[in-house]
Amino acid sequence: MLILTCPCCGVSAEETEFHCGGEAHLKRFGPDSSDSDFETYLFQRQNPRGVHFERWRHVNGCGKWFHAARCTQTLEIFGTYPAQTTEPPQALRDRIAEKRPGWTQESVS
Amino acid sequence: MKRYSAFAIAREALRHHSGWDRAWAAPAPKKRYDVIIVGAGGHGLATAYYLGKNHGITNVAVLEKGWLGGGNTGRNTTIIRSNYLQDSSSAIYEKARSLYETLSQDLNYNVMFSPRGVMMLAQTEHEKRGYLRTAHANALQGVETEFVGPDRVRQLCPIINIDGPRYPVLGALWQPRGGTARHDAVAWGYARACSAMGIDIIQQCEVTGVRSEGGKVTGVETSKGAIDCAKLGMVVAGHSGVLAEMAGFRLPIESVALQALVSEPIKPCMDVVVMANTVHGYMSQSDKGEMVIGGGADGYNNYTQRGSFHHIEETVRALVETFPMISRLKMLRQWGGIVDMTGDRSPILSRTPLDGCFINCGWGTGGFKAIPGSGWGFAELMATGASPLTAEFGLERFREGRFVDESVAAGVAH
Ligand SMILES: Cc1cc2nc3c(=O)[nH]c(=O)nc-3n(C[C@H](O)[C@H](O)[C@H](O)COP(=O)(O)OP(=O)(O)OC[C@H]3O[C@@H](n4cnc5c(N)ncnc54)[C@H](O)[C@@H]3O)c2cc1C
Ligand SMILES: [Zn+2]
């Protein structure tokens, strides 16, 4: 059972109060993009065994979207942060690097 | 290898069972193989078996990081059916189902295939129409299914609550030739038959890297050293993304935990498999008398083989509604497996961007039923470069928009 803290309203609650919206920071592609750009955007996922940045929505609460950094292997939540950003905050990345020596965030674009 | 038979049991009974051979050998890895299969689950072992049996390729190793059959193959609820909507799906699932019918004889290993019939309940008007459509599609595909009314449902499975308050049973899609098999036995049977052909099954051997030269695969790094190969098949279910990363490509796959549970054993009370997709649960009774129960998958990426508790709660609630008599049952065990979900809920059996490297994955919540057909088709693809069974399941379908859309036909995990 995950316990997440919504950065929008500050409430900490069990996962049943939230809904996961999948990998975060995807690069979106529009109408004139190539087939492989669409493929990457729509389907291809990092699906890492370890640190994962993802979107969540506080469905049974304030209703807002936010981001979370979570370990898919241990279910540890490193932190949550607002949706209005294209990459995780530096402080959060530092915290993860401290907990997971050798981890690099190569592919968040 | 000595064959198993009634005579062998009698012979061994007379000599204190001292003459049984080991079911499979435990060799050290060779330097090089024609084909390496990563993952000794059902799909990997079946692939190796049909490479040997159908294509005469036996210089093959199956590398397994844990023990064989310890992944989803040993964690599933063993439902076998082939009542899918799309032609390409029913072709591969029906091939698998029909191979299951004679698998025990073929492998000389009792996989306990039990064609007891699978019933998918229709509990809303939409579901009913959907299943009528599937029944018509199956008629054209040559897959024997039938849409039956509530009275027949009651006859086939008297313990179902037909007139439930929320979702009365309006009928069911009935596949009399579907059923269950013993999951471990499927892995063990294939392993024994592979070993008898001289195929090496190497357990406790984790693949940690993929070697290539000029865009062509040349071997793998493992916890038991580097091993060369001409062709590589990745068949690792939930860990496909991890293997793909080693080989330098990405997959349209996300891994999530799917759970199941069994009850204490009780007297025989149902002899069919029942799936209730609207309320999200399904159940069958094992030969030992335990009720085998499954439900939905977790809603987020997950490699923990555990799963969230509230999903069990939902599943059990759904089943108590459908089968009121189980409300007092105690549950014995619960477990989870990491399932590999694709966007269209159909598998991937494909070449990859790395030459000589093939992948078989994306079976998600429902690949146990497909093991023989998948092994058959994937072996043909790896040996000859193409297979009619796998043609529609290539990776390129996501780029080209040619999905094999089964998420509607299979609304629930199984
Ligand atoms: C709870 C549950 C219920 C299910 N119920 C049903 C059902 O009723 N009917 C149905 O048809 N399907 C069902 N399924 C789905 C089915 O179990 C799977 O689709 C199927 O077993 C997948 O088989 P596999 O051989 O591809 O994978 P697995 O059996 O998972 O085998 C993959 C193997 O690869 C190994 N591996 C991973 N990484 C490495 C590495 N780096 N090096 C070496 N080896 C590695 C793993 O240890 C594992 O043994 C269910 C699944 C679950 C979890
Ligand atoms: Zn909130």
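In table form, for the structure just shown:
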read-out	value
About the Cα centre, charge dipole magnitude for chain A (Lys/Arg +1, Asp/Glu -1 at Cβ), debye	240 debye
Sparsely packed trypsin sites (Lys or Arg not before Pro) within the range A:10-49, loop by DSSP, other Cβ within 10 Å at most 16	A:Lys27, A:Arg28
Peptide B:251-257 - average C-beta neighbours from other chains (10 Å radius)	5
Helix-only mean residue ellipticity at 222 nm for the protein assembly as shown, each DSSP H run of n ≥ 4 adding -39500 (n - 2.57), per residue, nearest 500	-8000 deg cm²/dmol
Among the listed pairs B:Lys2/B:Lys288; B:Lys231/B:Lys369; B:Lys30/B:Lys224; B:Lys31/B:Lys231; B:Lys267/B:Lys288; B:Lys288/B:Lys330, those beyond 18 Å (Cα-Cα)	B:Lys2/B:Lys288; B:Lys231/B:Lys369
Net charge over other residues, Cβ less than 14 angstrom from the Cβ of B:Leu132 (K, R count +1; D, E count -1)	0
Cut-off 13 Å, label 7 Å out along Cα→Cβ of A:Gln105, residues of the range A:1-45 by amide N	A:24-26
B:Phe7 versus A:Ser36: modelled label distance in nm, points set 7 Å from Cα along the beta carbon direction	6.1 nm
In order through the range B:334-344: 3J(HN,Hα) via Karplus (6.51 cos²θ - 1.76 cosθ + 1.60), integer Hz, x for Gly, Pro	9, 7, x, x, 8, 9, 9, 9, 9, x, 9
Magnitude of the charge dipole, the protein assembly as shown, Cβ model with Lys/Arg +1 and Asp/Glu -1, debye to 20	1180 debye
Sorted by Cβ density within 10 Å, fewest first, the residues B:Val279, B:Val320, B:Val207	B:Val320, B:Val279, B:Val207
Within the protein assembly as shown, percent of DSSP bridges classed antiparallel, to nearest 5	75 percent
Residue (of B:Gly238, B:Leu107, B:Gly375) at the positive-pole extreme of chain B, dipole from beta-carbon charges	B:Leu107
Integer Hz, Karplus 6.51/-1.76/1.60 couplings in order for the range B:258-275, x for Gly and Pro	10, 10, 8, 8, 10, 8, 4, x, 10, 5, x, 9, 8, 10, 10, 9, 10, 10
Sequence of B:Phe323, B:Phe393 once ranked by neighbouring C-beta atoms within 10 Å, starting from the fewest	B:Phe323, B:Phe393
Helix B:87-101 vs. chain B, principal-axis angle (Cα, 0 to 90°, nearest 10)	80 degrees
Under 13 Å from the A:Gln73 label point (7 Å along Cα→beta-carbon), backbone N, the range A:31-65	A:48-52
Sorted by Cβ neighbour density within 10 Å, fewest at the top, the residues B:Lys2, B:Lys231	B:Lys2, B:Lys231
Given charges at beta-carbon only (K, R positive; D, E negative), |dipole| of the range B:71-134 in Debye	160 debye
Within 10 Å of each Cβ in B:397-405, the average number of Cβ atoms from other chains	3
Considering only chain B, percent of DSSP beta bridges that pair antiparallel, nearest 5	70 percent
Shielding score for A:42-55, defined as the mean number of other chain Cβ atoms within 10 Å	6
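Each value in this text was obtained by applying a stated rule to the coordinates, not by laboratory testing. Since this is a predicted model, take the numbers as computed values, not measurements. Backbone-built Cβ (ideal geometry, glycine too); neighbour counts: all protein chains shown.
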